């Protein structure tokens, strides 16, 4: 940078540089940011915990220990355990193909990877009804073989995979692109196998982005509502994920239990953000590149 | 795992030559995965809707209730994205330029809407802005109704869209070159003029991209909106909800029709974002 | 490998494998017999009480353990799910039209299903009443009062909610009686009521939440059982039930989904489950949960006393049955769509 060209100014702590705002403006802007974020982001979060704990810790824990609540937590964990690794593998494969090679139609491929981000979750659910529903593409074949996809775990898994499939890819692609191919090429020249080059050269460079992508995908997978709601069938204790159970409790006048269960998801969101902040703090540069979305 | 990687030199190649292995495998897996999970179901949706024909699709969109829902979705998303751009810019600016206690915490909390499930956001916003809620009660005293009106939808969409703007603009603010501002100041511009004439145009592509992302997310949003919207036909009913309503009335044609219209919109927005970025790359040399 | 058959095409074989794998996931360990009851919104509490009673009864009679699964949602939405393949063994929905839709669109239930059980296949009935805030500050006594300026009426969306359709038809029936069958005047009355509705929730339960929990509106048009339940849940000091001079006899019907029970061999238990609803034990539970039992003689006296005496009319008498009412009022372009249009 050309710091030298702008003759080094003597340090004058009181006076303000021409490229700074006045103190008042600063304070005002900070106040506006605080108020806006407080009002629109922090307050809703606080409400979740406040409503969940409204009738005390006992009622809160009781709501979480309910058998339907536990079943919904188990289902949500199962779904996430299938969806997140699948999408992590997909994200890595897609990033490798997109970032390390050049081929025609690459931008189309990237657009397709991004597409689930902007498709309404309801549409995501609907398309699987069209494929696997009784009147869908495979409907009669499935019912002839007594197989249940929608209104059952597989449908929930599929809809969740659809909604979360871009997360890891989007975090990892920019990192891999930035990194280029020189290091891998060097590793190969030195006799490493392709897989070894990936594990020892590529992976260390992208691991934090990958981890954050996985965390975001996980939070979204556990929290998806719209898409899952369309394909779930809402069978108590069987096909209700945590967000659906929250809605059901809410509709049963059981507001405290609804918010108690919701607070689990809110807690998960906070952990996600916490880990992310920690990673950024420790590995600021590696992650900055993956931030743009 | 066939053609592309095994073709020999001198022949036309699908991909540019590279010594790195694994293209066929990763490219094949990517295509297969996308094909099964994303493309096949979406293609089926479009196929179903194509049975309606263009005019059938137009008729669905022109049906008063659908038209009203689409209008509500687009208008409110537009408004929310615009508000997000203004406050997102301020937040991004404050976060990347100023140092103050709690900055890191604030920075972390911006991503909350990415991580917080939409249904949780929905019930908590509804509880917050209901006439007996923490914010709803004082607002109601002031004669302002938020929950169960379009304003409620606006609030929910501001919530979900905010990080898209902040996270698109923030890295750019961090990369702005100090010389530009210094030059502007040296030439006698006031701070306000520098911001308006020099910085804003530089940030414009990122702001537009952030706007488009927030807008697209807003139009598609379902979970956080339905709890707070009131879902009154012609007033506060959003297009994704209408898909569900149509589905519940066994109106598959209507549901697929609206879904296809919204899908086309998603594509259009992605296209616009790509165009903005291409334009910005050409003009400014960065995204 | 069996060489007598030509090998299937690789792609379709690939698909079969994927689908089979997915379906395997779905069939996650389920020991013992299960029965899935797909029901509508306000019956959550009712079936929560009935299911254990039936399971105990079934165990005593056959020695088999039965696990009853329940799915609740808007009546129309639930019917749609069954049509799309939700594996319901029995459906207990808000109105006959929704079960008719399953019969017509999926063929999983024969069209004459309503004749299979007594009382039009309705083991319990209910009616539509008003829930107002304590002290009835807007002085709401009857359907006419709902059109007064400044009265905010909470009722769900008839397009998605079965209960909402009963609400609508109850108002319509009142109008017809008041105006001596003048449809134009009746339409004006109903239109005016919906003009006073600031929200149209998707389901009866959503509307009750909006009114009771969120404090919106002056009057909730609701299922009688829903009105009792809401006032019990939120404190008797907050709400009052107002009984209109005339209302509708709401008959929520039940049916076995033949194709689904035959597929898994559960017909016997499914039929036993629905027949159980007519037994003295179940009828007592029904009355306890604020429904009107088909056999009041089996219910506890104090449960019956709570239910007010209202002059009731039936859908069959006033509207010529559900099929007709559905087509005339709630189909796309029907009267409800007309009154919903807001002129520029």
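Site pair residue C:331 and residue A:182 shows an inter-label distance of 7.2 nm when each label is modelled 7 Å from Cα along Cα→Cβ. Quick check: the angle from helix C:10-26's long axis to the longest principal axis of chain C, C-alpha only, nearest 10 degrees? In chain C, helix C:10-26 runs at an angle near 60 degrees to the longest axis. Restricting the count to DSSP beta bridges whose residues both fall in the protein assembly as shown, what percent are antiparallel, rounded to a multiple of 5? Roughly 50 percent of the DSSP beta bridges within the protein assembly as shown come out antiparallel. In percent, how large is the relative contact order of chain A, given Cα pairs closer than 8 Å and 6 or more residues apart? Once divided by the residue count of chain A, the mean separation gives 29 percent. Just checking the listed ones, B:102, B:56, B:88: in the Gaussian network model of chain B with Cα springs under 10 Å, the one fluctuating most is B:102.
Between the stretch C:104-135 and the stretch C:211-231, the C-alpha centres lie 21 angstrom from each other.
For the protein assembly as shown, adding -39500 (n - 2.57) for each run of n ≥ 4 DSSP H residues and dividing by the number of residues yields -19000 deg cm²/dmol at 222 nm. Axis of helix C:44-62 versus longest Cα principal axis of chain C: the two differ by about 40°, to the nearest ten degrees. Of interest is the spacing of the C-alpha centroids, which for the stretch B:248-283 and the stretch C:47-81 amounts to 43 Å. Over the stretch C:63-140, Cα pairs under 8 Å with separation of 6+ residues give a relative contact order of 18 percent.
Listing B:129, B:222 from fewest to most neighbouring C-beta atoms within 10 Å gives B:222, B:129.
Site pair residue C:312 and residue C:234 shows an inter-label distance of 2.5 nm when each label is modelled 7 Å from Cα along Cα→Cβ.
Cβ crowding within 10 Å ranks A:45, A:75, B:47 as B:47, A:45, A:75, fewest other Cβ atoms first. For chain C, the longest principal axis of the alpha carbon atoms and the long axis of helix C:267-276 meet at an angle near 20°. With a Förster radius of 22 Å applied to the C-beta separation of residue B:99 and residue A:42, the computed FRET efficiency comes to 0.60.
What Kirkwood hydrodynamic radius, in Å, does the stretch B:54-284 give when the mean of 1/r is taken over all pairs of distinct Cα atoms and then inverted? When all Cα pairs of the stretch B:54-284 are included, the Kirkwood radius is 19.4 Å.
Here the protein assembly as shown yields Rg over Rh of 1.00, to two decimals, using C-alpha coordinates and the Kirkwood radius.
Among A:283, A:145, A:234, a tally of other beta-carbon atoms within 10 Å of each Cβ gives an order, fewest to most, of A:145, A:283, A:234. Taking a ≥ b ≥ c as the square roots of the eigenvalues of the Cα gyration tensor of chain A, is the shape rounded (a/c under 1.5), prolate (a/b larger than b/c) or oblate? Taking the square roots of the gyration eigenvalues as a ≥ b ≥ c, chain A is oblate.
Annotation for the stretch A:85-160 versus the stretch C:169-184: alpha-carbon center distance of 51 Å. With springs connecting C-alpha atoms under 10 Å apart, model chain C as a Gaussian network and identify which of C:71, C:247, C:39 has the largest mean-square fluctuation. The residue with the greatest mean-square fluctuation here is C:71.
Quick note: the coordinates plus some simple rules give every number you see, no bench work behind them. Not measured: the values here are computed from a predicted model. For neighbour counting, all protein chains shown are included, and Cβ atoms are generated from backbone atoms with ideal geometry for every residue, glycine included.
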